[in-house]
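**Student:** Provided herewith is a single structure, encoded as structure tokens, for subsequent inquiry.
The values are calculated or read from the model by the stated rules, or taken from the named source; none is laboratory data. In this text the structure is predicted, and so the values were computed from the model without any measurement. Virtual Cβ from ideal backbone geometry, glycine too; neighbours counted across all protein chains shown. We work out accessible area using only protein heavy atoms, side chains counted, and drop any ligands, DNA or RNA first. Shrake-Rupley method; radii C 1.70, N 1.55, O 1.52, S 1.80 Å.
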Amino acid sequence: MTAERPMTLQEYAMRFGTYMGLFWIFKFIFLPIGFSIPLLQLLFILMTLFVPVLGYIYARRYRNQHHEGYLSFTQAFSFCFLMYLFASILTALAHYVYFRFIDQGYLLNTYLDQLENIKNSVSGDMKISVEQLISSFDVISSLTPLQLTFQLLSQNFFYGILLSIPTGLLVMKKKN
């Protein structure tokens, strides 16, 4: 017979990171479709702004259900950090599949077309800024799907670290 052991912080972070990753994948679907249907682009932006709120909800749920309402900053930060890490890894898989097999340059070409239209309608310093953006997108378009996926993975990982700090501070609760 095996005795059931309690789940570890890492296991809970994996579970909630999977939920977060599925949410990120779902919201990512609205990004390319949003170029055809602007309301979905707005939905993508709103869902992106909801990510820190969702992270807070998951961390608070972890604190209340699995730590009797008390959690140190270190535990809260670790949970959030791991949750965002696992979400980033899961989302990177979807990003790779999208950029390797589905996109075929659509996303970057659409952004470049929009920037070209903006460049023709502005002047002065704004035109210089738009030209710099266009050259940045030219560099991005030269990346392979794998390189682009690793770029997005590292970006999500970095944002996860940044979001883990305030979330950990908000979720921590010390015993009296």
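**Student:** Cβ-Cβ under 8 Å, sequence separation 6+ or interchain: first residue in the stretch 29-56 and farther than 28 Å from Phe81 by Cα, partner open to solvent by less than 70 Å² (accessible area, probe 1.4 Å) and not in a helix (DSSP H, G or I). Which pairs?
**Tutor:** Every condition considered, the pairs that remain are Leu40/Gly34.
**Student:** Same structure, new question: Do you know which residues across the stretch 139-150 are in contact with a helix residue (DSSP H, G or I) (Cβ under 8 Å, 6 or more places away or on another chain) and over 19 Å from Leu22 (Cα atoms)?
**Tutor:** Correct list: Ile140, Ser141, Leu143, Pro145, Leu146, Leu148.
**Student:** Separate question: Give the stretch 138-150 a look and list any residue that's surrounded by 14 or more Cβ atoms within 10 Å (Cβ to Cβ) and either of a type outside the set (Val, Ile, Thr) or in contact (Cβ under 8 Å) with a residue 60 or more places away in the chain (or both), or say none.
**Tutor:** Within the stretch 138-150, Ser141, Leu143, Pro145, Leu148, Phe150 meet the criteria.
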